[in-house]
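Written below as structure tokens is the structure these notes are about.
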């Protein structure tokens, strides 16, 4: 049984349906969700996962009951730093049907592929928060 909250240092403890909350500039909170761990060459990637920004905001950190039936606004491949720099802790887990396998194969960046959120330049490291600020507020 998983104990929450925890600070992920790699993807080894991440599982589909786990979520993390983070505060926005207006004092409300938004929520990210782990959709899948990624594999590459048959191995679980230690720093990359597939995640999403939930269509949820509230006055405090989310609870599983707040997230039932909530949809995903945006999704993409995320570096573990997307969690570390936006809330820092996985707060809990929620059951849901995410239409994504618990593990997905990552084949690398392509010119038309999705960016990796939370890695690289300061914009990429903050994209989860920036999307929440633009879409939710």
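The values are calculated or read from the model by the stated rules, or taken from the named source; none is laboratory data. A quick note: this is a predicted structure, and the numbers were derived from the prediction, not measured. In this analysis, Cβ positions are derived from the backbone assuming ideal geometry, glycine residues included, and neighbour counts consider all displayed protein chains.
Residue 79 satisfies every condition listed in (1) touching a helix residue (DSSP H, G or I) at 6+ places or on another chain (Cβ under 9 Å); (2) at pLDDT 90 or above except (2).
Test residue 87 against the criterion of being crowded, with 18+ Cβ neighbours inside 10 Å and part of a strand (DSSP E or B), and give yes or no. No, not satisfied.
Of all residues in the range 1-48, count the ones that are touching a helix residue (DSSP H, G or I) at 6+ places or on another chain (Cβ under 8 Å), in a loop (DSSP other than H, G, I, E, B) and modelled with pLDDT of 95 or more. Matching residues across the range 1-48 total 2.
Answer with yes or no whether residue 23 is within 15 Å of residue 132 (Cβ to Cβ) and surrounded by fewer than 19 Cβ atoms within 10 Å (Cβ to Cβ). Quick ask: steps written out before the conclusion?
Details: within 15 Å of residue 132 (Cβ to Cβ): yes; surrounded by fewer than 19 Cβ atoms within 10 Å (Cβ to Cβ): yes.
So residue 23 fits the description; yes.
Residue check: residue 65 meets all listed conditions (1) assigned to a helix (DSSP H, G or I); (2) crowded, with 22+ Cβ neighbours inside 10 Å but one, namely (2).
Taken over the range 43-52, the criterion of being within 12 Å of residue 104 (Cα to Cα) and either without any contact (Cβ under 8 Å) to a residue 40 or more places away in the chain or under 16 Å from the mean Cα position of the chain (by Cα) (or both) is satisfied by 43, 45, 48, 49, 50, 51.
Only one entry in 40, 75 is farther than 20 Å from residue 3 by Cβ and within 10 Å of the chain's Cα centre (by Cα), namely 75.
Somewhere in the range 69-80, is a residue touching a residue at least 24 places away in the same chain (Cβ under 8 Å), under 16 Å from residue 29 (Cα atoms) and crowded, with 20+ Cβ neighbours inside 10 Å? Looking through the range 69-80, none of the residues is touching a residue at least 24 places away in the same chain (Cβ under 8 Å), under 16 Å from residue 29 (Cα atoms) and crowded, with 20+ Cβ neighbours inside 10 Å.
Looking only at the range 100-122, residues that are more than 22 Å from residue 43 (Cα to Cα) and either at pLDDT 85 or above or surrounded by 15 or more Cβ atoms within 10 Å (Cβ to Cβ) (or both) come to 0 in all.
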